[in-house]
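The values are calculated or read from the model by the stated rules, or taken from the named source; none is laboratory data. In this text the structure is predicted, and so the values were computed from the model without any measurement. We place every Cβ from the backbone using ideal geometry, glycine too, and count neighbours over all the protein chains shown. The accessibility values were calculated without ligands, DNA or RNA, using every heavy atom of the protein model including side chains. Shrake-Rupley method; radii C 1.70, N 1.55, O 1.52, S 1.80 Å.
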Amino acid sequence: MAVKKVAVIGAGASGLTSIKSCIDEGLEPICYEKSEDIGGLWRYNTTVCSIKKSENFSTTGQWIIITEKEGKQDTSIFDAVMMCTGHHTFPNLPLSSFPGIEKFKGQYMHSRDYKAPDDFRNKRVVVIGIGNSGGDIAVELSRTAQQVYLSTRRGAWITNRVSSNGYPVDIAKLSRFISLMQKILPSFMVNYVAEKDVNSRFNHSNYGLLPRHRYNSQHPTINDDLPNRIISGYVQIRSNVKEFTDNGVVFEDGTMEKNIDAVVFATGYKFSFPFCEVINVRSNKISLYKYMFPYHLEKLTLAVVGLIQPLGAIMPISELQSRLATRVFKGLVQLPDQQSMVIDIVRKKDKLDIRYVESQRHTVQVDYVAYMDELATLAGVKPNLVELFITDPRLGFQVLFGPCTPYQYRLTGPGKWVGAREAILTQWKRIIKPTKTRVLQNETAETSITMLKVFAVLIILTALYLYL
């Protein structure tokens, strides 16, 4: 079969892994990036004027792409397209929701335009929004600004980047076993355990952060330093902004702060694809099969990669998405019929509506392990736990209880890697190695015999559940 040309739109994290997946499958990728270097979101993405179906799309599945560089336009034909521009595309700056902003004499900006804290030295700053960006900016500003006020509509649950035993939170918490328990246990119990865990570090009510919703009803804010800056007084938590004055801010709880020098709107992003005629977005809502494929196309030769908000790392998801997409392009993976895809899309939307508070950030939300397994099932690379426990118990133990790292999707099927097993068995040591800069003579073992016995019981119970 002739090598197919694939247009990769964007050279960020998702674009780079899409390029690699194309090469792995013998496809010819051509990447379009506005800047002269890689970087994606951090370098302000891609100048693509339009992506349209070719005249004979129903038979060829080809696309006509018009790009622009240095004022000159170019037209090319591609056999497939991978859209890798992500969901942090267009800053959401809802100024109409903040009465009086037009008379505010201080500086204001979206978090995307914030670069460094030096320009805010000795100033009084309000940060609006308590997502990851808002939390990080508030913490950083608090080290140079005179005072930082962090405004939030509904509060937030704050979790650490550094988790159990000092491991990264996604390594410590994102395992198949934990994912399985979250499915089995009732939601109130899952929320209770999670809330008890995050409150054990600091009581969210005492810090003015306690939200009205349960833990799993919103994307948590990951920030190790925020409670430290609050207890030190450098960051003060405030309610939602009611209105602006010429030099200050009035909050919904009646409090007011005068002499405000600057406001940073960490109010998220809107995503859209104005240059692509076949992808429609309304209020950050989009209908894509597995958040990837426009179900209505006659030929599935366009895939969106990285348009997800995961409870976990996005890079491994983008990799698995791109692996699946390239195999769909080559005809090696057949997706379900249009009706089945629509049913899947509607079912996912309904689940999101039930679980999460209404917010534009929750329209493409996914659970890391569950979503990875969905993609892996389609791509034929999902590990078989029952088979692993029978043929390689040691590996099966790590696949079930250890972190769900991308190695697991290289154990079998297309793209199988001979080093995957060893990588899984040794990943704990390699993850923590950079912190072990001082040699200890009395280093303790990672796992006690008691814990091994507990895990053994859990394995038996889990195996029984899988068989039933």
Computed on Cα atoms, Rg of segment 345-432 relative to 2.2 N^0.38 Å comes out at 1.32
For segment 251-265, Karplus-derived ³J(HN,Hα) couplings (6.51, -1.76, 1.60; θ = phi - 60°; whole Hz; x for glycine and proline) come out as 9, 5, 7, x, 6, 9, 10, 9, 6, 7, 8, 8, 10, 10, 8
For segment 218-374: lysine pairs with Cα atoms under 23 Å, gap of 8 or more or different chains, count? 17
Give the share of C-alpha pairs in each 5 angstrom bin for segment 284-375, from 0 to the last occupied bin, in whole percents, shortest bins first. 2, 13, 25, 25, 21, 10, 3, 1
Roughly how many debye, to the nearest 20, is the charge dipole of the chain about its Cα centre, given +1 on each Lys and Arg Cβ, -1 on each Asp and Glu Cβ, and no other charges? 660 debye
Distance (nanometres) between label positions extended 7 Å along Cα→Cβ at Gln339 and Ile390: 3.6 nm
For the chain, give me the percentage of DSSP beta bridges that are antiparallel, rounded to the nearest 5 percent. 40 percent
The extension gain from Leu95 to Ser187, computed as 0.36 nm times the residue separation minus the Cα-Cα distance, is 29.5 nm
Relative to 2.2 N^0.38 Å, what does the C-alpha radius of gyration of segment 133-226 come to as a ratio? Two decimals please. 1.18
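Restricting to DSSP loop positions (anything but H, G, I, E, B) with no more than 16 other Cβ atoms inside 10 Å of their own Cβ, which chymotrypsin sites (Phe, Trp or Tyr not before Pro) remain in segment 141-182?
Listed in order of number, the matching sites amount to none.
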What list of ³J(HN,Hα) couplings, whole Hz, do you get for segment 65-76 from phi and the Karplus terms 6.51, -1.76, 1.60, once you set θ to phi - 60° and write x for glycine and proline? 10, 10, 10, 9, 9, 6, x, 10, 8, 9, 10, 9
By how many nm would the segment from Glu243 to Glu298 lengthen if fully extended, with 0.36 nm per residue of separation less the alpha-carbon distance? 14.8 nm
Radius of gyration, Dmax [the chain; alpha carbons; angstrom]: 24.2, 71
In order through segment 224-241: 3J(HN,Hα) via Karplus (6.51 cos²θ - 1.76 cosθ + 1.60), integer Hz, x for Gly, Pro: 7, 9, 3, x, 5, 6, 6, 5, 7, x, 6, 10, 10, 7, 10, 6, 5, 6
Would you mind getting me the FRET efficiency between Glu252 and Glu358? Use the beta-carbon distance for r and R0 = 25 Å, nearest 0.05. 0.90
Per residue, accessible area of the chain with a 1.4 Å probe, heavy atoms of protein chains only, in Å², comes to 51 Å²
Report the Rg/Rh value for segment 241-311, based on alpha-carbon coordinates and the Kirkwood definition of Rh. 1.26
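Can you give the FRET efficiency for Gln73 and Gln441, using 1/(1 + (r/R0)^6), R0 = 45 Å, r = Cβ-Cβ distance, to the nearest 0.05?
Details: r = 67 Å, r/R0 = 1.49.
My answer for the efficiency is 0.10.
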How much length is gained if the chain between Cys49 and Val162 is pulled fully straight, taking 0.36 nm per residue apart and subtracting their Cα-Cα distance, in nm to one decimal? 36.5 nm
Which residues' amide hydrogens lie under 5 Å from the amide hydrogen of Gln365, considering only partners 5 or more residues apart or on another chain, with H built in the peptide plane? Gln309
Kirkwood Rh over alpha-carbon pairs of segment 23-150 plugged into Stokes-Einstein at 20 °C, 1.002 mPa s gives a D in µm²/s of 115 µm²/s
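How charged is the neighbourhood of Ser163? Take every other residue with its Cβ under 9 Å from the Cβ of Ser163, and add Lys/Arg as +1 and Asp/Glu as -1. Show your work: numbers first, answer last.
Details: positive: Arg161, Lys173; negative: Asp170.
Taking every other residue near Ser163 into account, the sum is +1.
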In the chain, what percent of the accessible surface is made up of carbon and sulfur (1.4 Å probe, ligands and nucleic acids excluded)? 53 percent
Lysine pair number, Cα distance threshold 29 Å (strictly under), segment 77-194, separation 8 or more or different chains: 6
At a 10 angstrom cut-off on C-beta neighbours, averaged per residue, how do the peptides 228-238, 50-60, 399-409 rank from highest to lowest? 399-409, 228-238, 50-60
Amide H to amide H, which residues 5 or more places from Lys242 or on other chains are under 5 Å from it, using H placed in the peptide plane? Val250, Phe251, Glu252
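Dipole magnitude of segment 141-225 about its Cα centre, charges +1 at Lys/Arg Cβ and -1 at Asp/Glu Cβ only, in debye to the nearest 20? Intermediate results must be reported in sequence, preceding the final value.
Working: 11 positive and 5 negative charges, 47 e Å.
Result for segment 141-225 is approximately 220 debye, rounded to the nearest 20.
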Inter-centroid distance (Cα atoms) of segment 80-122 relative to segment 266-280, Å: 16 Å
Simple label model, 7 Å out from Cα along Cβ direction - Asn259 to Leu210, nm: 3.3 nm
